[in-house]
Amino acid sequence: MSGHVLVVRSDNLGDVLLAGPAVRAVAAGAGEVTFLAGPRGRAAAELLPGVDRVLEWCAPWIDPEPPEVTAAGMAAFRDRIHALAPDRALVLTSFHQSPLPMALALREAGVRWIGAISEDYPGALLDLRHRVDGDPPEAERALSLAEAAGFRLPAGDDGGLAITGPLPDVSALTGEPGYVVVHPAASAPAREWGVDRYAAAVRLLVEHGHRVVLTGAPGDRELTRRIACPGALDLTGRTGLAGLAAVLAGAAVVVAPNTGPAHLAAAVGTPVVSLFAPVVPAARWAPYGVPVVLLGDQDAACRGSRARQCPVPGHPCLDRVGVDEVLNAVRRLTSVELEQTGGAA
């Protein structure tokens, strides 16, 4: 056992969910696991198997709306970590993020052993400087760091995404399982499909006999109001994250852009129609470990730009996706689900 290990992932809900296999590997070889999350990812961290404690802190070098960096704020953070006294720390980051600012803060807080994936020379900041070749899925990339640190998934763990249960009973909201969830919102406009296209797709799904459930955060209510139609149930803002997971678990298929709930769907084993803008690589960030139909031009001009606002007039990577493509993708994944559960397609 490796004592008390601090695992850091400072950004969004989906990023935290993709860290799940690495966390379970650490938990299998550690006496205690604390997860340090940002405010956008904390709720997901609280659902991860293997996590004993969650700390929240907004890293000014990660968050898209960063707080001011102050000496007092950094000192308070270091004091929290010093009081926690972890034996080791693993800093998980995306390929375009540096772990070194966090490593410096942890080192100053007295953490004696720190590991991270880093292309930059870390000097005395890292004890394990791990490198990853190629373009693996983000869940596998994070797991490779845990493995390089000596942690392995326990026997019988397939390395997929997972959350803790039991999930709440949401049948009073959704009715019987087997509906299609449409979750239209994403954290960046460049990753969203057009409102009119979502509305047309929902109408088409309803016309073809699918029960459609719309989901979103409270701030998405105006968006889903514009998308809803007779025959579609709008649950936007009516559940917490565990409740949303339960809604997604009851779905036959989830239709969503590159957003945290798409990864939450994967964590509960639900197939995903992924409307994926190539501003980040689908090879890394598509829903992991479940059947997926990927829609969107992955060779569009915005490819790899990491843009939050679409840099190409007309948003062609997604807005050229037809509503009939979504219907056909739902049909394909519904057939896969029926085959896996022993039903007839």
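Of the helices (runs of 4 or more DSSP H) lying entirely inside the range 110-223, those containing at least 3 residues that are under 22 Å from V16 (Cα atoms) span 138-148. Does T93 count as at pLDDT 95 or above, in contact with a helix residue (DSSP H, G or I) (Cβ under 7 Å, 6 or more places away or on another chain), under 28 Å from L244 (Cα atoms) and not in a helix (DSSP H, G or I)? No; evaluated as a whole, the condition is false for this residue. Screening the candidates P67, P86, P60, P39 for the property of being closer than 18 Å to M102 by Cα and touching a His at 6+ places or on another chain (Cβ under 9 Å) yields one hit, P86. Taking the range 177-202 as the range and being surrounded by 14 or more Cβ atoms within 10 Å (Cβ to Cβ) and free of Cβ contacts under 8 Å to residues at least 40 places away in the same chain as the test, the residues that pass are V195, Y198, A199, V202.
Does A282 count as open to solvent by less than 50 Å² (accessible area, probe 1.4 Å) and farther than 26 Å from L161 by Cβ?
no
Residues in the range 149-176 that are open to solvent by less than 50 Å² (accessible area, probe 1.4 Å) and among the small types (G, A, S) were compared, and the one that is nearest to V290 (Cα to Cα) is G160. Is it the case, given these coordinates, that R24 is closer than 25 Å to A283 by Cβ, of a type outside the set (V, I, T), modelled with pLDDT of 95 or more and part of a loop (DSSP other than H, G, I, E, B)? When the stated conditions are applied, R24 does not pass them. Residue check: is V206 open to solvent by 10 Å² or more (accessible area, probe 1.4 Å), modelled with pLDDT of 95 or more and of a type in the set (A, V, I, L, M)? So V206 fits the description; yes.
Give the residue, chosen from G243, G269, G260, G231, that is under 21 Å from G160 (Cα atoms) and open to solvent by 20 Å² or more (accessible area, probe 1.4 Å). Result: G269 is the single residue among G243, G269, G260, G231 that is under 21 Å from G160 (Cα atoms) and open to solvent by 20 Å² or more (accessible area, probe 1.4 Å).
Here's the yes/no breakdown for (1) touching a strand residue (DSSP E or B) at 6+ places or on another chain (Cβ under 8 Å); (2) without any contact (Cβ under 8 Å) to a residue 24 or more places away in the chain; (3) closer than 19 Å to W285 by Cβ; (4) crowded, with 18+ Cβ neighbours inside 10 Å:
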site: R88; (1), (2), (3), (4): yes, no, no, yes
site: S94; (1), (2), (3), (4): no, no, yes, yes
site: P99; (1), (2), (3), (4): yes, no, yes, yes
site: A103; (1), (2), (3), (4): yes, yes, no, yes
site: L106; (1), (2), (3), (4): yes, no, no, yes
site: G110; (1), (2), (3), (4): no, no, no, no
site: L125; (1), (2), (3), (4): yes, no, no, yes
site: H130; (1), (2), (3), (4): yes, yes, no, yes
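Whether a residue is open to solvent by less than 10 Å² (accessible area, probe 1.4 Å) and not hydroxyl-bearing (S, T, Y) was assessed, and V23 passes this test. Applying a threshold of 6 Å to beta carbon distances and a minimum spacing of six or more residues, or different chains, the list of pairs starting in the range 241-254 at a residue that is closer than 14 Å to S171 by Cα and ending at one that is part of a helix (DSSP H, G or I) and of a type in the set (A, V, I, L, M, F, W, C) reads A245/L264; L248/L264; L248/A265. Checked against (1) among the hydroxyl-bearing types (S, T, Y); (2) under 22 Å from D15 (Cα atoms); (3) open to solvent by 40 Å² or more (accessible area, probe 1.4 Å), Y121 passes all but condition (2).
Note on the range 27-49: residues that are part of a loop (DSSP other than H, G, I, E, B), of a type in the set (A, V, I, L, M, F, W, C) and under 17 Å from A267 (Cα atoms) amount to 2.
The values are calculated or read from the model by the stated rules, or taken from the named source; none is laboratory data. Predicted, not measured: the structure shown is a model, and the values here were computed from it. So basically every Cβ, Gly included, is an ideal-geometry build from the backbone, and we count neighbours across all protein chains shown. Keep in mind that these areas ignore ligands, DNA and RNA; they rest on the heavy atoms of the full protein, side chains included. Shrake-Rupley method; radii C 1.70, N 1.55, O 1.52, S 1.80 Å.
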